[in-house]
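> After the structure tokens below, expect a handful of questions from me.
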Amino acid sequence: MNNLLVCSQCSCVVVNVEYRLSPEHKFPACYTDAEAVVRWALDNKQELANNSSAIVGVAGDSAGGNIAATVCHLVEGLSYQVNLKADPQVEIEPTLSVLTARDLPI
């Protein structure tokens, strides 16, 4: 996922999760790492966005999309989830699919 593109096009703060990878780190290390970062972002909205009422969402592509979707079920208080899918017809910009909290099957 191109964090700079997302940040500039969406006017948002992007926090990139460098989650632990297998096989060195066993399941569920990647999910634990992502959940911890999202909880940290929720607790630190004032410092990150200079706005304590800022909305927090998650995004990811490929394996990161799977992790982002899982985190949506683990963490309460998320405002949205974005799944980034590279369109093979378009080389520069990804296709964005935005789901609001109402759309999530929780």
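The values are calculated or read from the model by the stated rules, or taken from the named source; none is laboratory data. Computed from a prediction, not measured in an experiment: that's the story for all the values here. Glycine gets a Cβ as well: all are built from the backbone with ideal geometry, and neighbour counts include every protein chain shown.
> Which one of the conditions (1) within 12 Å of the chain's Cα centre (by Cα); (2) closer than 20 Å to HIS73 by Cβ; (3) not in a loop (DSSP other than H, G, I, E, B) does TRP40 fail to meet, given that it meets all the rest?
Going through the list (1) within 12 Å of the chain's Cα centre (by Cα); (2) closer than 20 Å to HIS73 by Cβ; (3) not in a loop (DSSP other than H, G, I, E, B), TRP40 breaks only (1).
> Examine the range 54-72 for a residue that is modelled with pLDDT of 65 or more, surrounded by fewer than 13 Cβ atoms within 10 Å (Cβ to Cβ) and not in a loop (DSSP other than H, G, I, E, B), and state whether such a residue exists.
There is at least one residue in the range 54-72 that is modelled with pLDDT of 65 or more, surrounded by fewer than 13 Cβ atoms within 10 Å (Cβ to Cβ) and not in a loop (DSSP other than H, G, I, E, B).
> Return the residue satisfying two criteria in turn: it lies in the range 1-37 and is among the acidic types (Asp, Glu) and surrounded by 12 or more Cβ atoms within 10 Å (Cβ to Cβ), and of such residues it is nearest to the chain's Cα centre (by Cα).
Out of the qualifying residues, it is GLU35.
> Please specify each residue of the range 9-37 satisfying the condition of being assigned to a loop (DSSP other than H, G, I, E, B) and at pLDDT 90 or above.
Selection gives TYR19, ARG20, LEU21, SER22, PRO23, GLU24, HIS25, LYS26, PHE27, PRO28.
> Being at pLDDT below 70 and either touching a Pro at 6+ places or on another chain (Cβ under 8 Å) or not polar (S, T, N, Q) (or both) is the requirement here; does LEU42 meet it?
No, not satisfied.
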